[in-house]
Amino acid sequence: MIKVETDGGSGFCFGVVNAIRKAEMELRADSELYCLGDIVHNSREVARLEGIGLKTITHGQMAGMRRKRVLLRAHGEPPATYLTAERNGICVIDATCPVVLKLQKKIRRAFLDMDAGREQIVIFGKTGHAEVNGLVGQTDGRAVVIESVADLGLIDFGKNICLFSQTTMSVNDFRSIVSAIEERAKGIRFKFYDTVCRQVANRIPDIIRFAAGHDLILFVAGEKSSNGRVLLDECRKANGNTYLIADAEGIDVGWLTGVERVGVCGATSTPKWLMEEVAERVRSLCVFGGRMSL
Ligand code: SF4
C-alpha cells in the first residue's frame, strides 16, 4: 500500500503569508485592489486571489493609473515605483517582506557611502527577478548583477567590491561566489554580506531528510520560483526520483509504479492547500490503479 506524506515544513514563508493576508484583508474592506506583478510565484494561488477580486497589473499599467489602491508584494520595489505612485495619487499597500526591506536599506546605505569612482556594488541574484530589480533600484540602477561564477567578467576588478545576495539564493552558491571573487580580487577591498534569507536556507536540512526518506518526491512549485529551484536541487541531490510539478495535473501515473512512500513538498511560494490537493490526487490514483500497486 502506498503511503503519501506532505512535508509539514514546506509552504509559505512569513513574508508571503503576510502579503496574502494583507491582500485578503484589503479585499474585504474594498473589492477594488490591484497587485503590482504576481503576488506570489504560484499561478494557482494567484488565480485563487483573482477569484476574490485581486487584479494583477504591470508597471506599465500602474503608470497609467490614477487614484487606485495598489499592493506591493513581498519581493519589494525600487524607489521609482513609489515615485510613480505618489505622482499618480495611488494608495500604496506595502507588503514588502521586512527581510527584503532591511536588505534594500542596507544596499542603499552602502551605495550612498561609497565612492562610485573606486567602488561598486555587486548583487548575486537572478537578473530581472522582481526582488533584484528592487535591490538594483537602491543603487540608482548601477549595481552589477551576477547569476553565477560564469558572470565574474561583469565585475570591474580594478575597483573595490561590496557584494550582497538576493534573499532566495543558495548559501553554498553564495560561498562559491565569495571564494571565486577572493581569488581574483588582488589589491582591492572586498566586502561581502551573506543576505540569504534563512526561511529558505534553514529548510534545506529538513527537506533533504524528507526527500531521502521517500521513494518518490513530488515537488510542487511555479517555474518562476527562485527558492523553488534551490529547494528542488537539494531534493534531487537527496533523491533522484524527484519531479517538479505545478499542480496535481502534472502527475504522471507511471511515476507511481513500484513505489511505497510518496513525499509531497514545495517552495516558500507553494500553498499548503495545493500540496494537499496533490497528495489527495496520488491517493485517488492509487485507488483507481487497483492496488495501490500501479
Ligand atoms: S523568502 Fe525570506 S525574504 Fe523572501 S519573502 Fe520569504 S521571508 Fe521574506
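A short reminder: the numbers here are calculations on the coordinates, not readings from a lab. This is a predicted model, so every value here is computed, not measured. Cβ placement follows ideal geometry from the backbone for every residue including glycine, while neighbour counts extend to all protein chains displayed.
Condition first: free of Cβ contacts under 8 Å to residues at least 12 places away in the same chain and closer than 21 Å to Ser148 by Cα. Now tell me which residues in segment 96-136 satisfy that. Correct list: Gly128 only. What tally of residues in segment 259-286 results from selecting those that are more than 23 Å from the chain's Cα centre (by Cα) and free of Cβ contacts under 8 Å to residues at least 24 places away in the same chain? Of the residues in segment 259-286, 1 are more than 23 Å from the chain's Cα centre (by Cα) and free of Cβ contacts under 8 Å to residues at least 24 places away in the same chain.
Considering segment 55-92, and only residues there that are hydrophobic (A, V, I, L, M, F, W, C) and within 16 Å of the ligand (Cβ to nearest atom), the residue that is nearest to Lys191 (Cα to Cα) turns out to be Ala74. Every test in (1) within 17 Å of the chain's Cα centre (by Cα); (2) closer than 30 Å to Leu27 by Cα is passed by Glu147 save one, and that test is (2). Of the helices (runs of 4 or more DSSP H) lying entirely inside segment 171-286, those containing at least 1 residues that are more than 20 Å from Val99 (Cβ to Cβ) are 171-184, 203-212, 226-238.
For segment 1-54, the set of residues classified as hydroxyl-bearing (Ser, Thr, Tyr) and within 16 Å of the ligand (Cβ to nearest atom) consists of Ser10 only. Inside segment 171-226, residues that are within 16 Å of the ligand (Cβ to nearest atom) and aliphatic (A, V, I, L, M) make up a count of 7. The condition (being surrounded by 12 or more Cβ atoms within 10 Å (Cβ to Cβ) and either of a type in the set (Gly, Ala, Ser) or farther than 27 Å from Asn227 by Cβ (or both)) is satisfied by just one residue among Asp94, Asp151, Asp113, Asp140: Asp140.
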